[in-house]
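Student: The structure follows.
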Amino acid sequence: MIGLLYESGEWSDYKLAAELAEAGCDVRMIDIAHLRADAAAEAAGSCDALVSRVFASAVFRGHDAAHEAMRLVCETAEARGIPMINPARAHFFEIDKRRATEELARAGVDVPRVQACGLPSGLDPAGWSYPCIIKPNCGGRTTFTAVARTAEEANEYWKKSQWDGTDGTSMRGQCPWVWIVNLDHVTYVRDGLS
């Protein structure tokens, strides 16, 4: 049986499950955002193989529990020798830009210069080079990403990103660790980003 780990219930999770079933595979959908971590790990541990569809952007859908459960799911899969597509190492690099950037740099890959990574309350944007890109250390799809041209713009971004009961990057009252890189190293283009 193939266990499909998911947290958002987006169409592509179900499409993948349907395609696997059409190919003759038994598929078990495991919603790790809504199961206790131990129940998710036990469900995953009963499978012959796993496919992880748990993304960094889960935090912006209120599915922080999915990231917490992934640690136990990954430990269980490894201990039982269950192969996983998008394995633990890939997952933990995806949810931690700092870790991924440092590992790529150690491997000799040209990466953006990270000016800072930490909680906004512990960072001083006055000494950074501008313009720069500010984004959550764990997140996806450019949610809560900003281009700051000055320290004042960086501080305004943080004010807007704080959880206000309805919107923001964290229900803990403070933006999760942010990742700040020099704008001159960006290697992708997107209309409307200036």
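Student: Out of all the residues in the range 115-123, is one or more part of a strand (DSSP E or B), at pLDDT 80 or above and within 30 Å of ILE2 (Cα to Cα)?
Tutor: no
Student: How many residues does the range 97-109 contain that are without any contact (Cβ under 8 Å) to a residue 12 or more places away in the chain and assigned to a helix (DSSP H, G or I)?
Tutor: Total satisfying the criteria: 7.
Student: Looking only at the range 5-28, filter to residues that are in contact with a helix residue (DSSP H, G or I) (Cβ under 8 Å, 6 or more places away or on another chain) and at pLDDT 95 or above; which one of those is farthest from HIS67 (Cα to Cα)?
Tutor: Step by step, filter the range 5-28, then rank; the result is VAL27.
Student: A further question follows. Considering only the range 83-99, state which residues are crowded, with 18+ Cβ neighbours inside 10 Å and of a type in the set (A, V, I, L, M).
Tutor: MET84, ILE95
Student: Which condition does PRO112 not pass, out of (1) open to solvent by 30 Å² or more (accessible area, probe 1.4 Å); (2) touching a residue at least 60 places away in the same chain (Cβ under 8 Å); (3) not in a loop (DSSP other than H, G, I, E, B), if it passes all the others?
Tutor: Of (1) open to solvent by 30 Å² or more (accessible area, probe 1.4 Å); (2) touching a residue at least 60 places away in the same chain (Cβ under 8 Å); (3) not in a loop (DSSP other than H, G, I, E, B), only one is false for PRO112: (3).
Student: Still on this structure, I have one more. Can you find even one residue in the range 104-114 that is hydrophobic (A, V, I, L, M, F, W, C) and touching a strand residue (DSSP E or B) at 6+ places or on another chain (Cβ under 7 Å)?
Tutor: Within the range 104-114, one or more residues are hydrophobic (A, V, I, L, M, F, W, C) and touching a strand residue (DSSP E or B) at 6+ places or on another chain (Cβ under 7 Å).
Student: Tell me, which helices (runs of 4 or more DSSP H) wholly within the range 15-96 include 3 or more residues that are out of contact with any Phe, Trp or Tyr (no Cβ under 9 Å at 6 or more places or on another chain) and acidic (Asp, Glu)?
Tutor: Correct list: 64-80.
Student: Counting just the residues of the range 28-52 that are touching a Ser or Thr at 6+ places or on another chain (Cβ under 7 Å) and among the hydrophobic types (A, V, I, L, M, F, W, C), which one comes out surrounded by the fewest Cβ atoms within 10 Å (Cβ to Cβ)?
Tutor: ALA41
The values are calculated or read from the model by the stated rules, or taken from the named source; none is laboratory data. Everything numeric in this text was worked out from a predicted model, so none of it was measured. Note that each Cβ is placed from the backbone with ideal geometry, even for glycine, and that neighbours are counted across all protein chains shown. The accessibility values were calculated without ligands, DNA or RNA, using every heavy atom of the protein model including side chains. Shrake-Rupley method; radii C 1.70, N 1.55, O 1.52, S 1.80 Å.
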